1. Starting from a Cα-only point model with no solvent, please compute log10 I(q)/I(0) by Debye for the protein assembly as shown at q = 0.07, 0.08, 0.10 1/Å.
2. Quick one: Karplus J couplings for the range B:184-193, per residue in order, coefficients 6.51, -1.76, 1.60, θ = phi - 60°, nearest Hz, x for Gly and Pro?
3. Using a cut-off of 24 Å between alpha-carbon atoms, which lysines can reach B:K101, once sequence neighbours fewer than 8 places away in the same chain are excluded?
4. Largest first, please: the extent of the C-alpha atoms of the range B:46-282 along each principal axis, to the nearest Å.
5. Whose amide H sits under 5 Å from the amide H of A:E67, counting only residues 5 or more places off or on another chain, with H placed in the peptide plane?
6. Hey, in the GNM for chain A with a 10 angstrom Cα cutoff, which one of A:S57, A:S43, A:S154 fluctuates hardest?
7. When Cβ neighbours within 10 Å are restricted to other protein chains, what is their mean count per residue of peptide A:281-288?
8. Taking the convex hull of the Cα atoms, report for chain A its projected area averaged over all directions, in nm².
Amino acid sequence: MNTIRYNKYRQAKEFLIRHIMLLLTLVSLTFAILIGISLYYKSVPILDHQSIWGLLSGSSWRPLKGEFGFFPFIMGTLWVTILAVIISLPLCLLAAIYLSEYAHPYIKKIVFPMIDVLAGIPPVVYGVWGILAVVPFISEKLAPHFVEFSTGYSILAGGIVLAIMIIPLMISVFIEIFDALPGGLREASLSLGATNWQTIKKVVLRKSFPGLAAAVVLAISRAFGETIAVLMVCGNVSEVPKSLFDPAYPLPALIANNYGEMMSIPLYDAALMLSALLLFVIILAFNAISRLVLIRIERNFAL
Amino acid sequence: MRHIRIKRIEEKIFKGLMIVATLAIVVSLFLIIVAIVRRGLPVMSWDMISKIPTGGFYLGKEGGLLNAIVGSLYIVVGSISLGLFFSLPIVLYINLYLPEKSRLAQFTRLSFDVLFGIPSIVYGAFGFTIMVYLGIRTSLLAGILTVTMLIIPILIRSIDEVIRRVPKEMKDAALSLGATRSEIIKPILRQVAPGIVTAILLSVGRGIGDAASVLFTAGYTDSIPTSLSQPVATLPLAIFFQLSSPIAEVQDRAYAAALILTVIVLILSIAARFYSRKFSKNKI
């Protein structure tokens with residue numbers, strides 16, 4: 001009799017735990033939608049005021065006059081992000097090929113923890129490094145060769161700092177993709193007399209191209225949303241930049257920098273929330289697409 | 001004969017380039033650490049880690065960073081506990097209750113992969129809208145909630161990875177002996193405990209160093225908060241705010257804070273590696 005009662009208790013407990021956990025899981029899935037809705041709701045006032053295209057293409061940013069043009073900020077973000085990817089992509093690709101195809105396990109054992117450390121360094125510390133090392137280097141050594149004057153707080157500084165920040169993400173996804181390639185493909189190519197490099201060029205890179213592209217998109221969206229580090233080194237002038245030595249004002253920096261004053265000016269907070277919404281939607285889409293590509297690759301290669 | 005030579009040369013050139021690229025990455029890590037240490041070490045003192053600033057953080061020449069150190073600690077401890085409270089049930093559910101190829105499990109994994117990529121400034125802005133909606137001011141509570149949102153995807157992704165590696169036979173054996181699914185939670189957690197510690201260390205590192213999420217939500221103060229509703233200082237914001245001060249002593253405090261934060265993150269990273277190695281040794 002007692003056992004039956006005990007088993008009933010166990011079943012009730014099981015039922016309860018199972019449903020609480022299911023509920024939590026389902027609620028967690030609505031989280032992204034919740035973020036989107038609440039940011040949209042907060043940015044409705046400015047969308048009522050002006051059309052979305054007008055806002056995105058307007059280049060005058062005068063909150064006090066009620067002019068909110070996002071174009072300089074979007075261009076700032078694009079310049080910095082593209083520069084960061086241009087710098088880090090070749091580095092990451094070469095290093096990832098070396099680490100997965102050539103390097104002795106001993107070297108991997110030394111380099112992998114270092115990449116982990118690089119991934120763990122907080123954005124604000126990258127920003128401090130940018131101010132201590134990159135900005136003075138640009139204003140004193142590099143800029144005088146190209147332009148008359150630059151403070152060093154520029155797109156170039158932002159691009160360099162961001163490039164190093166996205167290296168760990170890019171390189172670790174690259175290595176995962178190379179490791180997922182079936183070894184038979186390489187052996188077939190090598191047995192036909194191809195050198196290691198020819199095999200990499202004609203087999204490994206070609207076969208893993210979709211994955212590499214997905215990894216780059218992932219890195220782009222990481223660079224796109226990085227806030228504090230670029231805020232510290234980019235100079236924050238709300239004009240469309242014309243050269244690498246010009247200051248820029250990326251979108252995330254705009255949100256972070258103006259939070260203090262946004263409550264006192266009408267529509268200002270709506271404008272900032274709209275930029276957060278823009279970041280959210282773009283990065284969500286980029287991430288979802290590249291993760292789906294990566295999942296498909298993993299499934300196709302795993303036998 | 002000639003194209004064999006060309007192909008050998010090409011091989012050598014690219015191998016050289018690869019080694020240079022790998023070295024460049026390693027060197028950049030050292031450059032960062034050296035720059036932070038060289039600027040931060042001369043201004044470090046016992047006062048920095050044992051005293052709170054006196055006379056306002058923009059003006060104060062005396063005092064240290066104790067407010068930011070303790071504040072960061074409060075935020076991290078709070079958000080890790082809260083984060084585990086939400087993420088453990090989710091990870092256990094998709095691994096224990098759902099079949100291996102379940103659509104729901106795959107969708108959950110995908111959605112946390114995507115949430116992992118959302119920048120912290122967006123979480124900060126979202127946290128801020130929630131605060132306005134609920135009528136909360138910048139406070140320790142709001143900071144904890146926002147950082148929790150930021151680290152839940154990290155916790156879930158990394159705990160999921162270790163629980164997935166638990167042999168299926170272990171689960172099957174327990175179930176065939178008549179255990180209910182909720183009764184095998186405990187042994188499974190014990191099996192993956194070192195993996196969970198690694199996940200926690202990773203999220204502590206991310207949570208303690210993130211500035212954009214606490215910028216809107218936690219505020220900043222010179223004192224150590226005594227309740228959840230008071231604003232709280234954090235190390236990343238201590239760096240960010242004090243660096244923009246024109247007073248040299250205040251800037252020094254920012255560089256000291258950067259050194260403290262870097263050392264904390266280095267220790268966490270080494271500890272995480274130590275624990276994950278321990279885990280792979282005990283793997284069945």
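What follows draws every value from the coordinates through simple rules; no lab data is involved. The model shown is predicted, which means the values in this text are computed figures rather than measured ones. Cβ placement follows ideal geometry from the backbone for every residue including glycine, while neighbour counts extend to all protein chains displayed.
1. Calculated log10 I(q)/I(0) at the listed q: -0.46, -0.60, -0.93.
2. For the range B:184-193, the Karplus-derived couplings read 8, 4, 4, x, 5, 4, 5, 4, 9, 3 Hz, x marking Gly and Pro.
3. Straight-line reach from B:K101, under 24 Å: B:K168, B:K171, B:K186, B:K283.
4. Principal axes ranked by extent give 68, 42, 29 Å for the Cα atoms.
5. Amide H neighbours of A:E67: A:R62.
6. Largest GNM mean-square fluctuation: A:S57.
7. On the way: counts 1, 0, 5, 5, 1, 2, 7, 5.
For this peptide, the per-residue mean of nearby foreign Cβ atoms is 3.
8. Working: hull surface 98.7 nm².
Averaged projected hull area, Cα only: 24.7 nm².
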